[in-house]
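Below is one structure, written out as structure tokens; comments come after it.
The values are calculated or read from the model by the stated rules, or taken from the named source; none is laboratory data. Remember, predicted model here, so these are calculated numbers, not experimental data. We work out accessible area using only protein heavy atoms, side chains counted, and drop any ligands, DNA or RNA first. Shrake-Rupley method; radii C 1.70, N 1.55, O 1.52, S 1.80 Å.
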Amino acid sequence: MFALRAIAQIPYFAGTVGDGKLYGYTSLKGRPGLNQQETYTTFQYGLSSHVDAGIDLYTGPDCAYWGALIRGGLPLCQWFNVGGEVIASLDLNDRMHFSYLTSGLYLNGAITPDNRLFWCSNTWWVRYRGGHETYSNYEYLGYHIPLPQGRSLTPMVGAVHSWQFDDDLQPAAGLYFSFGAYNLYLWSHDLLATHPRFVLGLDFVL
């Protein structure tokens, strides 16, 4: 159950929020036809141009976890950028005991010189109290579509899978609508399953 938090999230990019800025994101996830609602919320503050610190909260069926995180990013060039994040999560239903550590590696870059066509890869390693580990990855291609008044629409399509490919590869797709300092997300994976998983999210930078 815990590793679901890292799956079907919006794609994470290598960049950080920026020195002195605040980033916030909240989402509601579910599978139509099943009573399996989840929420995820994070707030991150830019300690420098390349380092953020923050907190997050994940809730799911009969569980709730609070995390503290540190995130970094390095823009190497137009075609390749690298970032990462580490989150230590505590179980709110077990006296705030440490529950699991999530580590993420974020890669992205342009494919075309105008940056409209781009790629993104997120790699996740989750280690639970007691030593159990999970490994997952997703890769996306995206296309940025400018709209009037400085707004834009960005559809993306890709796949989610474990490092070992011991489960079926899961097609995933989504889009986000950008307006001002906000982005509105609609995402999904398990698209071929009986009950696909959908995510509705909103983020901002202040």
Next item on the list: Quick one: compute a quarter of the convex hull surface over the Cα atoms of the range 153-206 and quote it in nm².
Entry: 4.6
Notebook entry, point to check: Fully extended, how many nm does the chain gain between Val51 and Leu105 (0.36 nm per residue separation, minus their Cα-Cα distance)?
Noted result: 18.0 nm
Next item on the list: State the extension gain, in nm to one decimal, for the chain segment bounded by Ala181 and Leu202, taking 0.36 nm per residue of separation less the distance between their alpha-carbons.
Entry: 6.5 nm
Check: Please state the relative contact order of the chain as a whole percent: Cα pairs under 8 Å, 6+ residues apart?
Finding: 18
Check: Per-residue HN-Hα couplings for the range 59-70, Karplus 6.51 cos²θ - 1.76 cosθ + 1.60 at θ = phi - 60°, whole Hz, x for Gly and Pro?
Finding: 10, x, x, 6, 8, 7, 9, 10, x, 10, 9, 10
Note to self: For the chain, take the convex hull of the Cα atoms, compute a quarter of its surface area, and give me that in nm², please.
What the structure shows: 12.0
Item checked: the chain: most fluctuating residue of Ile145, Ile55, Ile70 per GNM, C-alpha cutoff 10 Å -> Ile145
Notebook entry, point to check: Carbon and sulfur atoms: what percent of the 1.4 Å accessible area of the chain do they account for?
Noted result: 65
Checklist line | Among Ala172, Ala181, Ala110: highest mean-square fluctuation, GNM of the chain, C-alpha pairs under 10 Å | finding: Ala181
Margin query: Run the numbers for Ala173 and Leu192: contour at 0.36 nm per residue of separation, minus the present Cα-Cα distance, in nm.
Written below: 5.7 nm
Item checked: Estimated vicinal HN-Hα couplings, Hz - the range 147-164 in sequence order (Karplus 6.51, -1.76, 1.60; Gly, Pro = x) -> 10, x, 6, x, 8, 7, 10, 10, x, 9, 9, x, 8, 10, 7, 7, 4, 7
Next item on the list: Would you look at the GNM of the chain, springs on alpha carbons closer than 10 Å, and say which of Gly130, Gly72, Gly104 moves the most?
Entry: Gly130
